[in-house]
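Down below is the structure, laid out as structure tokens.
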Amino acid sequence: MAASLLAGCLAGAACRADQPPPALDEIVVTAERAGPGMWHVHRGAANVWILGSISPLPRDITWRSKQVESVLESTSQVLVQKPLEISIPRILWMLIADRKYLMVGGGKRLKDVLPPDLYRRFAAQRSNVGEDADKWERYRPIIAVAFLQRDAFHQVNLSMRLDLGAALRALAKKHGVRIEEIKVAGVSDMLEALKTMPAATERTCVEASLTTIESGLPRLVDRAQAWAVGNVERIENLPELKDVDACRTALDAGKGALDVIGRIRQTWLENIERNLRSAGTTIAVVNLDMLLERGGLLDQLRAKGYEIDAP
């Protein structure tokens with residue numbers, strides 16, 4: 001889940017830290033790719049349309065927003081997860097004022113703080129993406145691997161810059177529709193997490209990112225392409241890498257990945273149900289895996305007796 005995976009969030013943040021933000025027309029356009037249609041959850045005169053999101057997506061994808069804009073014409077509000085409190089100004093400020101949280105420090109380099117086996121893997125992948133041997137040596141491991149992962153994604157035509165939540169926000173503003181931000185309890189500011197992250201946790205997530213770069217890219221490409229053409233069944237049949245699950249568990253301070261994921265799922269369930277108690281139409285952007293997993297949001301809503309029309 002994007003909100004619970006620090007490495008993934010930092011990959012996107014790192015990308016934005018050294019590049020200008022994407023122009024709006026890069027993510028909100030009318031073109032060839034629509035992605036999966038929206039799930040329609042309803043009871044009586046209450047309607048919630050759910051758009052499933054994933055990341056990364058193909059770099060050159062253009063999202064067809066026609067269906068969303070059509071629903072927006074009769075929508076009273078949109079629900080999007082509150083953005084993580086991580087932004088270009090904050091990253092730049094930390095590089096100036098609190099760079100110790102982003103850089104190795106103490107005159108050391110990346111090779112001095114990573115276990116030899118992990119550093120060899122990092123160096124090999126850095127070479128594979130065509131960067132020189134000193135690239136990212138001053139960054140702490142989880143930041144350096146975020147940059148490396150970004151470049152590896154670009155090599156297979158993937159990007160984390162395409163944000164459907166941001167796209168829906170822009171469309172809602174265009175149509176004068178109210179935006180409600182969903183804040184998930186217990187999912188903290190990712191930069192704050194850097195200050196207290198144990199070295200063992202950081203190594204676990206660095207290893208997860210390296211495994212993704214080494215062997216997980218075909219799966220991510222397959223998922224991204226399946227999303228672009230609306231092949232939900234294909235996405236369901238592409239399981240997560242074990243190392244990524246290990247990172248999730250480590251990030252959750254020993255409480256287990258299901259604790260964080262459960263809080264996110266429960267928060268969305270409560271907010272969707274709240275909007276199904278009265279007449280009106282709402283659109284929500286929700287992580288696609290959370291919708292489709294066994295016992296996930298769609299299963300829970302069905303169990304509560306709501307009618308669901310699949311795309």
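The values are calculated or read from the model by the stated rules, or taken from the named source; none is laboratory data. The structure presented is a predicted model; accordingly, all values stated were derived computationally and were not measured. No Cβ is skipped: glycine too gets one built from the backbone with ideal geometry, and neighbour counts run over all protein chains shown. Surface areas here come from the heavy atoms of the whole protein model, side chains and all, with no ligands, DNA or RNA. Shrake-Rupley method; radii C 1.70, N 1.55, O 1.52, S 1.80 Å.
Structural remarks
- Spin-label pair R302-S278: with each label point 7 Å from Cα along the Cα-Cβ axis, the two points sit 3.0 nm from one another.
- Heavy atoms of E202 accessible to a 1.4 Å probe, total area in Å² rounded to 10: 20 Å²
- FRET efficiency estimate (nearest 0.05) - Cβ-Cβ, S76 to L269, R0 25 angstrom: 0.80
- Extended-chain gain in nm, criterion 0.36 nm per residue less alpha-carbon gap, E69 and V229: 55.7 nm
- Cβ-derived FRET efficiency at R0 51 Å, A133 paired with E181, nearest 0.05: 0.75
- Values of log10 I(q)/I(0), in the order q = 0.32 Å⁻¹, for the stretch 261-311 under a Debye, Cα-only, solvent-free model: -1.59
- In this view, the solvent-accessible surface of D299, computed with a 1.4 Å probe and all protein chains in place, comes to about 60 Å².
- Heavy atoms of H175: accessible area, 1.4 Å probe, square angstrom to 10: 70 Å²
- Pairs beyond 23 Å (Cα-Cα), from K174/K304; K100/K183; K111/K135: K174/K304; K100/K183
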